[in-house]
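For reference, the structure is listed below as structure tokens.
What follows is calculated from the coordinates using simple rules that are stated; it is not laboratory data. Quick caveat: nothing in here was measured; it's all calculated off a predicted structure. Positions of Cβ are generated from backbone atoms using ideal geometry, with glycine treated the same way; all protein chains shown enter the neighbour counts.
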Amino acid sequence: MNFRPHRILGFIGLCGVIAAANPMDTMDAMAAPQVLNGPGMEQTSMMTVISDSVFVKTSAGGDEVLTEAIQGASFHVVDEAENGWIQVAVGSELGYLPVTEDIKISENEEAAQAVKEEVLAQAAAEQAQADRRQNLVNYALQFVGGPYRYGGNDPHTGVDCSGFTRYVMQHGAGVSIARSSTAQSNQGRVVSAEEMRPGDLIFYGSGRSINHVGLYIGDGQIVHASTYETGIKTSPWNYRAPVKIVNVLGD
């Protein structure tokens, strides 16, 4: 893929918004992000990016990139192009975007702004969920090295696997779950290995019988109260064959 750095526009990212900006006007741009505009201002149709980012190409179906537009960016539509591409105004230049599920075409600028606000609200909600999950992980990791105790409920004095997950869920995320690993496995929503996120619970056992649980912390790892010898530790999430993965955080 070819890039043309000398023609790439300057952009300021603000919470997922992309705004055409003069470096000297940074504060103004941050206070009032602008819709990208230029040639074709007489057109009323708008395109708004709803994915994380898309490449604006210099030609319909071409490989050369004019710029990268991130989530929430809006463009005035200049003309329809061939093979499902739309010509859009990018500053003082023209670029091309494919009509895909990553793009939403609005009737006018007001509609585009509504789409942008919806996209940014969704992005903010997803970021809040990610932050909550990371805070839970950070809370749980502080107990690594703590003692294991069968039937224990407090990682400061000793805890078993389900006592540990129950404690960190309650105190790290404000979520109440059952005491035993079997009961915990029946709460929340079952997710696949591809869907799991930090903060989800991973259950282990023999066949369908659950006898152990750990908290997924990301990067292929769990934190769990393992044995008397090791205490609370981290391990690869598949150090044993998982029986079930559950999201109990409700997001």
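Given +1 at the Cβ of Lys and Arg, -1 at the Cβ of Asp and Glu and no other charges, the dipole of segment 120-251 around its Cα centre is 340 debye to the nearest 20.
Whole-Å semi-axes of segment 199-251's equivalent ellipsoid, largest first, each the root of 5 times a Cα gyration tensor eigenvalue?
Details: eigenvalues 56, 43, 19 Å².
Whole-Å semi-axes of the equivalent ellipsoid: 17, 15, 10.
Which one, 72, 96, 83, projects farthest toward the positive side of the charge dipole computed for segment 63-106 from Cβ point charges (K/R +1, D/E -1)? Checking the options against the dipole of segment 63-106, the answer is 72. Along the Cα→Cβ direction, 7 angstrom out, place labels at residue 128 and residue 176. What is the inter-label distance in nm? Each label point lies 7 Å from its Cα, and together they span 2.3 nm.
Other residues with beta-carbon under 14 Å from the beta-carbon of residue 143 carry, at +1 per Lys or Arg and -1 per Asp or Glu, a net charge of +1.
Given axes a ≥ b ≥ c from the Cα gyration tensor, I'd like to know whether segment 146-200 is rounded (a/c under 1.5), prolate (a/b larger than b/c) or oblate. Walk me through the numbers before you get to the answer.
On the way: a/c = 1.99, a/b = 1.82, b/c = 1.10.
Prolate shape, in that a/c is at least 1.5 and a/b is the bigger ratio.
All other residues with a Cβ under 11 Å from the Cβ of residue 48 taken together, and with Lys, Arg as +1 and Asp, Glu as -1, what is their net charge? Mind dumping the intermediate values first?
Values: positive: 104, 116; negative: 102, 109, 117, 118.
Neighbourhood net charge equals -2.
Checking every one of the chymotrypsin sites (Phe, Trp or Tyr not before Pro) in segment 171-251 against DSSP loop status and a limit of 15 other Cβ atoms within 10 Å picks out 228, 239.
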